[in-house]
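Participant: Sharing a structure below in structure tokens format, with a few things to ask.
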Amino acid sequence: MDIELMQRVYPFFLQAAWVTIQLSVLTAILGLTCGALGAAMRLSRLAVFRFLGAAYVSVFRGTPALIQLFILYFGGPQVGIQLDAFEAGVIGLGVNVGAYMTETIRGAIISIPKGQREAARTLGLSRWQTFYNAILPQAARLMVRPLGVNLNMLIKSTALVAAISVVELTYTAQRYIGSTYKPFEMFLLAGLLYMIIIYATGRAVAWLDRRVQIN
Amino acid sequence: MGLDFTVVPEHLDVILLGCLWTIFIAVAAALVSFFGGIIFAVIALYAPWIIRQPFRLIEWVFMGTPLLLQLFLIYFGLVQIGIDLPAFVAGIIGLGLHFAVYNSELIQTAILSVDKGQMEAARTVGLSRGQALRKVVIPQAVRDVIPPIGNNMIALLKDSALVSVIGVSELTLSAQRAIGATYRPFEFYLVAAAFYYVINLCMEWVQRRIERRIAISR
Amino acid sequence: MTDTEHFVEIKHAQKSFGKLEVLKDISLNVARGQIVAIIGPSGSGKSTLLRAINDLDALTGGEIWLDGVQVNRDLPYRQYEKHINQMRQDIGMVFQHFNLFPHMTARDNVTMAPKLLKGLSKAEADALAEEQLDKVGMLERIDYYPSQLSGGQKQRVAIARALAMKPKLMLFDEATSALDPELVDEVNQVMKKLAEEHMTMIIVTHEMDFAASVCDRVLFMDKGVVVEEGPPSVVFKNPTKDRTREFLRKHLAGAK
């Protein structure tokens, strides 16, 4: 193993890891937003919204994220969407992971027993008051862990933006493999950083999950 | 610039060929991941400590890093140690091993939930540990995990697009070829997406049928 | 306008799920302060009737009136939502499975709706919670979560929650059916107390003894119709219909 080489290049990997973290955070925010909207549509009273929500989930979970990214980044200019690679990465991955989060959020909401809804409605609460005060606080607790799984997936899927040349961890590893012919060393560096990010996120999710549980 | 789908039919043969490659790679990788998953699960549960622990570490690394990075490692790593395989073989191995690790997780859980009484029963009628695993425990565990493995296989199909990055001429790369000739990325990526979507729908349909069959057989 | 005799009025209530007719043209008047028990085998439609009164299960035909106002008015969606939310504030309901909000203490369970709907301040809400929880004998558990309470205690908190909205009418949907036998009495005591305060109540129950001792009237329902009704002394002691007699015989034998 070429330790000397690894020592020489690791600062570049650290910089790349920072890009991966930024990508992950922004994608997670967009994904959660899309997931909340998607779940709201799927649970809507109106059939039109339910259909749109279901179509969103089906199409974005039913096709490769890489292709979605390519359509946005390479095909976007044809329909007047000009984005740089980083922006396209965040939007493409965010909307993609949002489809998965839609199902997570919806799953948690519909798993709350219907008696809870009935009890709140019986007291005279409106649909929204019922959702906000009685259902959501319970569902939110159930969401933490499965959203953590989505987040884990999301962090790994940020590697896809290497294919549109965003200089994040995987792209950096790829470039150094190409120039140094040391795939194991470069994998080790990038892999270690990914695992640190994923491990830290996992711990944070577990901590949050413990905190929000009802004693 | 606008959209113009009239250029698509001319290149449809390339896309269809790519589609066949995608199906071939996905099926081959699925087989690797299925049997690999069983082998990995047995190693992770029953191998001696000295093998089991490093093996678990490797599994952990595979689950904690992106598939794309793993594909680069396998593709270039094999070349470095002197094994020069065609890109599609490296792609199948990479995809297959990646999903074998995820399948192994499922199978381990299933084996543990079958194991106790069944293993004891098999041992009392004189089967060795290995025979009991092969004949009694694993077949039951595999039946239990078929639905969740189905989810992994659907994920595998979509992730097979990644092998285009190491130069395998499957659906995604075929679309890129057509784009290279026409400069029409939107149209051809959309067509590729449509093909993926249809294959995906077929897989979901099959999965639902299998799940129903299993539900009935219980 | 208050009509004491027709405080709750059910006119030709009809409900079907597809081809299945659960309620067949049921009419019923409940006077203010009256306590009515509805008994009958499972699937008789008694819970559906109760749940129709506050429109948890919408009727397919007929009218429900409370204190001179029609509950199930035919209005456009938004207006109807407003109307029904207003109506439901006056109709307390207690469920078989309590349906307490598990993420809230007893106090918050009781005060949530009054705070949201009546704009109570924190101090007013606290006073209300103490008053209502005291009434059901749960004051010392005011800051407990539902998971820390027994079934009977949960149900008492659920009753306090309903009472906190100062309803004109209370509906009890098998309020003691999910309880261990030794916990039934504490809930019955609370309901008796409400009866003494002349709360108007409609009670779906399996407890014949309780119905006999507390209620002014008993309705026996079977297959979506009211088979027999009258004061408990008549319905329980000298039923006129064969179906009532058979139900009571089976049921009382089962209870012993």
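Participant: One quarter of the convex hull surface, Cα atoms only: what value does that give for chain B in nm²?
Facilitator: Over all viewing directions, chain B projects a mean Cα-hull area of 15.2 nm².
Participant: Once the principal axes of the Cα atoms of the stretch C:27-97 are found, what is the range along each, listed largest first in whole angstroms?
Facilitator: Principal axes ranked by extent give 37, 27, 26 Å for the Cα atoms.
Participant: Now for a different question. Considering every pair of different Cα atoms, what Kirkwood radius, in Å, is found for the stretch C:98-144?
Facilitator: 10.6
Participant: On to the next question. Using all Cα-Cα distances in the stretch C:112-256, what percent lands in each 5 angstrom bin from 0 up to the longest?
Facilitator: 2, 9, 17, 19, 17, 14, 9, 7, 5, 2, 1, 0
Participant: Hydropathy at least -1.0 by Kyte-Doolittle, axial extent at least 18 angstrom from the Cα trace: which helices of chain A, defined as entire DSSP H runs, fit?
Facilitator: A:3-42, A:47-62, A:85-110, A:136-157, A:183-212
Participant: Show A:84, B:144 ordered by accessible area, largest first, where the area counts protein heavy atoms only and the probe is 1.4 Å.
Facilitator: A:84, B:144
Participant: Give, in nm to one decimal, the length gained when the segment between residue C:60 and residue C:144 is fully stretched (0.36 nm per residue of separation minus the Cα-Cα distance). Each step should come with its number before you reach the end.
Facilitator: Working: separation 84, 0.36 × 84 = 30.24 nm, distance 4.11 nm.
Taking 0.36 nm per residue and subtracting the Cα distance, the gain is 26.1 nm.
Participant: Between residue A:209 and residue A:47, what is 0.36 nm times their sequence separation minus the Cα-Cα distance? Round to one decimal in nm.
Facilitator: Full extension of this stretch gives 54.9 nm more.
Participant: Taking N as the number of residues in the stretch A:86-215, what is its Cα Rg relative to 2.2 N^0.38 Å? List each step's numbers first, then the result.
Facilitator: Numbers: Rg = 20.3 Å, N = 130, 2.2 N^0.38 = 14.0 Å.
In units of the globular-protein estimate, the stretch A:86-215 measures up at 1.45.
Participant: Near residue A:182, which aspartates and glutamates are there with a Cα under 20 Å away, not counting those fewer than 8 places off in the same chain?
Facilitator: A:2, A:4, A:168, B:84
Participant: At R0 = 56 Å, how high is the FRET efficiency between residue A:14 and residue C:20 if r is their beta carbon distance? Nearest 0.05 is fine.
Facilitator: 0.25
Participant: Run the simple label-point estimate for residue C:223 and residue B:109 please: 7 Å along Cα→C-beta, distance reported in nm.
Facilitator: 4.9
Participant: Same structure, new question: With 5 Å bins from zero, work out the P(r) of the stretch B:103-209 over every alpha carbon pair and list the percent per bin.
Facilitator: 2, 11, 15, 13, 11, 9, 9, 8, 7, 6, 4, 2, 1, 0
Participant: Mind checking how much accessible area C and A bury in total, 1.4 Å probe, in Å² rounded to 100?
Facilitator: 2100
Participant: What helices does chain B hold that run 18 Å or longer along their axis, going by alpha-carbon atoms, with a Kyte-Doolittle average of -1.0 or more, using DSSP H for the helix calls?
Facilitator: B:12-46, B:49-64, B:67-80, B:87-124, B:138-159, B:185-217
Participant: Turning to a different aspect of this structure: To the nearest 10 square angstrom, what accessible area does residue A:10 show with a 1.4 Å probe?
Facilitator: Answer for residue A:10: close to 110 Å² accessible.
Participant: For every other residue with a beta carbon closer than 12 angstrom to the beta carbon of residue B:135, add +1 if it is Lys or Arg and -1 if Asp or Glu, then tell me the sum.
Facilitator: So the surrounding residues net to +3.
Participant: What percent of all Cα-Cα pairs in the stretch C:160-209 falls into each 10 Å bin, going from 0 up to the bin containing the maximum distance?
Facilitator: Result, from short to long distances: 23, 60, 18, 0 percent.
Participant: Pairs C:193/C:237; C:223/C:250; C:192/C:223; C:24/C:166; C:19/C:46: which exceed 21 Å Cα-Cα? Numbers along the way, then the final one.
Facilitator: Values: C:193/C:237 25 Å; C:223/C:250 17 Å; C:192/C:223 29 Å; C:24/C:166 32 Å; C:19/C:46 18 Å.
Checking Cα-Cα distances, C:193/C:237; C:192/C:223; C:24/C:166 exceed 21 Å.
Participant: May I ask for the Kirkwood hydrodynamic radius of chain C, worked out over all distinct Cα pairs and given in angstroms to one decimal?
Facilitator: Radius from the Kirkwood sum: 18.9 Å.
Participant: So what's the convex hull volume per residue for the Cα atoms of the protein assembly as shown, in Å³?
Facilitator: 231
Participant: Hey, another quick one. Pop the C-beta distance of residue A:179 and residue B:121 into the FRET formula with R0 = 60 Å and round what comes out to the nearest 0.05.
Facilitator: Efficiency computed from Cβ-Cβ geometry: 0.55.
Participant: How big is the equivalent ellipsoid of the stretch A:7-149 along its three axes, where each semi-axis is √(5λ) from the Cα gyration tensor, reported in whole Å from largest to smallest?
Facilitator: After scaling each eigenvalue by five and taking roots: 35, 20, 11 Å.
Participant: With the calculation restricted to Cα positions, what are the radius of gyration and Dmax of the stretch C:113-191 in angstrom?
Facilitator: For the stretch C:113-191, the Cα radius of gyration and maximum Cα-Cα distance read 12.9, 39 Å.
Participant: Relative contact order, percent, of the stretch A:1-158 when contacts are C-alpha pairs under 8 Å separated by at least 6 residues?
Facilitator: Worked out over the stretch A:1-158, it gives 30 percent.
Participant: How much space per residue, in cubic angstrom, does the convex hull of the C-alpha atoms of the stretch C:191-252 take up? Please report the intermediate quantities before stating the final value.
Facilitator: On the way: hull volume 5.1 nm³, N = 62.
Each residue corresponds to 83 Å³ of Cα convex hull volume.
Participant: Using per-residue counts of other Cβ atoms within 10 Å, averaged over each peptide, order B:120-126, C:30-36, A:71-77 from highest down.
Facilitator: A:71-77, C:30-36, B:120-126
Participant: Could you calculate the FRET efficiency of residue B:3 with residue A:22 from 1/(1 + (r/R0)^6), where r is the beta carbon distance between them and R0 is 25 Å, rounded to 0.05?
Facilitator: My answer for the efficiency is 0.15.
Participant: Please state, to two decimals, what the Cα-based radius of gyration of the stretch C:47-147 comes to when divided by 2.2 N^0.38 Å (N = residues).
Facilitator: Details: Rg = 16.0 Å, N = 101, 2.2 N^0.38 = 12.7 Å.
My calculation over the Cα atoms of the stretch C:47-147 gives 1.26.
The values are calculated or read from the model by the stated rules, or taken from the named source; none is laboratory data. These numbers come from a predicted model, not from an experiment. Neighbour counts are summed over all protein chains in view; Cβ atoms, including those assigned to glycine, are modelled from backbone coordinates with ideal geometry. Surface accessibility is based on the protein's heavy atoms, side chains included, excluding ligands, DNA and RNA. Shrake-Rupley method; radii C 1.70, N 1.55, O 1.52, S 1.80 Å.
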